[in-house]
Amino acid sequence: MRVLLVKPNNLSDHIQPSLGLGYLAQQIKKEHDVDVFDCIKANTTPEELARIVEVSRPDLVGVQCYTFDIPNVKKILRAVKGVSRETITVVGGAHMSSDPIGAMRDFGPNLDFGFSGEGELSFPEFLRAIEAERKRFDGIAGVVWRNDDGIVINPPMLISDLDALGMPALELIRPDTYPESQHGAFYEQFPICPIITTRGCPYSCTFCSAPIISGKKLRHHSVDYIRELILRLYHRYGIREIHIVDDNFTMDIAYAKRIMRAIIDLDLGLSLAMPNGIRMDWLDDELLELMKAAGVYVVSVAVESGNDKILKAMKKATTVAAIRENVARIRRHGLDVAAFFILGYPGETPETIRDTIRLSRELDLLRANFFTYLPLPGTRSYDQVQKEGGIAKVDWDNFLFMAAPYTPEGMTRKTLLSLKRRAFLGFYLRPKAFIRNVLAIRSYRHLKFLMRRFYHWVLMTPNPAHGMTAEERSWASRLWSRVAGLLSARRPDAAQLTEPITIPAESLRGHGSENDMRPHTAVGAAHADYALA
Ligand code: B12
Ligand code: SF4
């Protein structure tokens, strides 16, 4: 069978290879002709994807879908079925795993099958059933299908032996063809590849669906597997920076230390980050020392709120005092800290949001990211919002963390977006934060990427009526003229930057392409044999 696996386009500016599709492709490539297409990287519209489908004529198109992606996935399914009704369509990933019935209804007749949970073992079985023209799919874990009685959801599976899956199909996801600023907006070395060392998280934070998708039990890859994966990435794909994107990397602190020691022993000069954010309560001085020695250059932490009542409501199992202590501990080791905050959690008021904004400025942070709360299906906070009648008011067409698809009772979208803009602008306008971040801009192309992300994350609003106030406009222009001034002082050829850049409303994505990438065929002497393996 010809199978095309697709990552849909979106406005998130997270341009990172899909490990999920890589692992899935690895399992089916032995029996099928598989391709992986990342619409985010190629900045491909559903209509353009339809043309690719028209030429390549896959028998099956499988799409990865986060809740965030619903509107685009709908368009993709319509476009694919517009080319050929015979092409089988399957949607899997976080959204289908969290809300299979809702997703099947939402996507309607353009979607043939859903797939919930981890697909490496049962998707190949499903493809065999399709080839055998079976009409029933009982017993194949995770398949969501329709029979005469309605929608059937086969219980999903969680894979216990992760190493047995082998490596993700790196030759199909090609991490070396991705741009520099994949996940966090800043980076140290390039090219970059994400890896997953563990799956699962035992916590129950009310806004998070990771435990629903990956389960509450922590499952590990062996340290040997991770060592082998890193060597392959380094030698065959020239990867120089690794992003560990586990749900909860520091949960098993002894394991995290073993991984760091293994990376130190490899002695490849890699840069490391955990841009998803880690829990700080599991850090100790020894792990921080090992992280630093292994090449971690910034520690991203999930703070979420600066108000104890909201942290309690989120079941975050931490307090503002503990957060202060933990950030100070990381800083004592000379590591920079980036933090994530959620604004507009159910029950929040402008005052609790101001507590969060205040904390973001009091902590010694290099960077801060402020996301508006998303009621992710399947989470406890979603259930609470539903009980209170809030789900009906969610703006599902703009279910983006940079928009405000949900607002707490008594708060308007305009107020929440304004608080978010003030949080960002106020944080980055402070001289220390501003100078340190501007000095980390590595090229004009990087600056353009940052400006686009700034536009999407801070300025863009689905509704022009929720746009910037006069005061925020003046902050934004102050921020811009400082960036331009500092850069032109740093690089004489950047004088052009004093001219304001107009950021087009449509995505400017595509700042990296295969042609832009520096060559990376050099093989370190220490592992020269490895590259030939
Ligand atoms: C790494 C990661 C990212 C990376 C994604 C990299 C990429 N290109 O895929 C980045 C940084 C870009 C990212 C961004 C965001 N993420 Co994120 N992310 C994760 C994380 C921690 C791990 C995902 C992962 O790689 N898992 C391991 C692989 C093996 O699993 P997988 O990708 O799910 O794929 C498996 C199955 O889902 C299935 N499958 C997947 N696709 C398909 C397709 C078919 C056809 C089939 C059959 C099966 C199938 O098979 C795969 C193999 O088992 C998850 C947490 C989690 N546990 O899922 C959150 C998570 C997926 N992210 C989440 C969110 C909300 C976001 C953001 C919106 C940011 C935010 N926090 O607000 C953004 C924007 C997303 C976007 N569309 O760009 C939510 C999604 C919830 C939801 N219902 O949509 C999660 C669950 C975390 C959470 N807080 O709840 N994320
Ligand atoms: S936010 Fe982090 S700690 Fe909390 S449930 Fe999600 S992955 Fe686990």
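None of the figures in this text is laboratory data; all of them are computed from the coordinates on show. Predicted model only: the values in this text are computed from it and were never measured. No Cβ is skipped: glycine too gets one built from the backbone with ideal geometry, and neighbour counts run over all protein chains shown.
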Inset, instruction - Once you have the Cα-Cα distance between Ile264 and Glu86, take 0.36 nm times their residue separation minus that, and quote the gain in nm to one decimal. - result: 58.9 nm
Legend entry - Qualifying aspartates and glutamates (Cα of each under 18 Å from Cα of Lys257; at least 8 residues distant if same chain): Asp224, Glu228, Asp246, Asp247, Asp265, Asp267, Asp281, Asp284, Asp285, Glu286, Glu289
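Would you list Lys448, Lys292 from fewest to most Cβ contacts within 10 Å?
So the residues, fewest neighbours to most, are Lys448, Lys292.
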Inset, instruction - Can you check how the C-alpha radius of gyration of the range 301-373 compares to 2.2 N^0.38 Å, as a plain ratio? - result: 1.03
Legend entry - Taking Arg367, Arg361 and counting other C-beta atoms within 10 Å, the order from fewest to most: Arg361, Arg367
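Please work out the ratio of the alpha-carbon Rg of the chain to 2.2 N^0.38 Å and round it to two decimals.
Numbers: Rg = 22.9 Å, N = 533, 2.2 N^0.38 = 23.9 Å.
Relative to the 2.2 N^0.38 Å estimate, the chain comes out at 0.96.
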Legend entry - Helix-only CD estimate at 222 nm, as mean residue ellipticity for the chain, using -39500 (n - 2.57) per DSSP H run (n ≥ 4): -12000 deg cm²/dmol
Inset, instruction - Read phi for every residue in the range 153-169 and hand back ³J(HN,Hα) as whole Hz from Karplus 6.51 cos²θ - 1.76 cosθ + 1.60, θ = phi - 60°, with x for Gly and Pro. - result: 10, 6, x, x, 10, 10, 7, 8, 9, 5, 4, 4, 6, x, 7, x, 6
Legend entry - Alpha-carbon centroids, the range 173-201 and the range 42-96: separation in whole Å: 24
Legend entry - Total charge dipole magnitude, the range 174-441, about the Cα centre, Cβ charges on Lys, Arg, Asp, Glu only, Debye to nearest 20: 420
Legend entry - Fewest-first ranking of Met96, Met460, using other Cβ atoms within 10 Å as the exposure measure: Met460, Met96
Legend entry - Taking the C-alpha atoms of the range 297-418, convex hull volume expressed per residue in Å³: 108
Inset, instruction - At a Cα cut-off below 18 Å, give the lysines reachable from Lys393, other chains included and same-chain residues fewer than 8 away excluded. - result: Lys414
Inset, instruction - Name the cysteines of the chain that stand alone by the Cβ rule: no other cysteine Cβ under 4.7 angstrom. - result: Cys39, Cys65, Cys193, Cys201
Inset, instruction - Helix by helix through the chain, keep the DSSP H runs that span 27 Å or more along the axis on Cα and average at least -1.0 on Kyte-Doolittle, and give those back in order. - result: 470-490
Legend entry - Cα convex hull volume per residue for the range 179-297 (Å³): 106
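Past 20 Å, Cα to Cα, is the threshold; run Lys216/Lys315; Lys74/Lys420; Lys217/Lys316; Lys41/Lys75; Lys216/Lys316 against it and keep the listed order.
On the way: Lys216/Lys315 15 Å; Lys74/Lys420 29 Å; Lys217/Lys316 18 Å; Lys41/Lys75 18 Å; Lys216/Lys316 15 Å.
Exceeds cut-off: Lys74/Lys420.
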Inset, instruction - Starting from the Kirkwood radius over alpha-carbon pairs of the range 37-143, derive D by Stokes-Einstein at 25 °C in a medium of 0.890 mPa s and give it in µm² s⁻¹. - result: 174
Inset, instruction - Please work out the ratio of the alpha-carbon Rg of the range 361-414 to 2.2 N^0.38 Å and round it to two decimals. - result: 1.32
Legend entry - DSSP beta bridges in the chain [antiparallel fraction, %, rounded to 5]: 15
Inset, instruction - Please report the orientation-averaged projected area of the range 174-441, defined via the convex hull of its C-alpha atoms, in nm². - result: 14.0
Legend entry - q = 0.15, 0.16, 0.19, 0.22 Å⁻¹, the range 343-475: log10 I(q)/I(0) [Debye, one scatterer per Cα]: -0.77, -0.86, -1.13, -1.37
Legend entry - At 1.567 mPa s and 4 °C, Stokes diffusion of the range 148-199 via Kirkwood alpha-carbon radius, µm² per second: 88
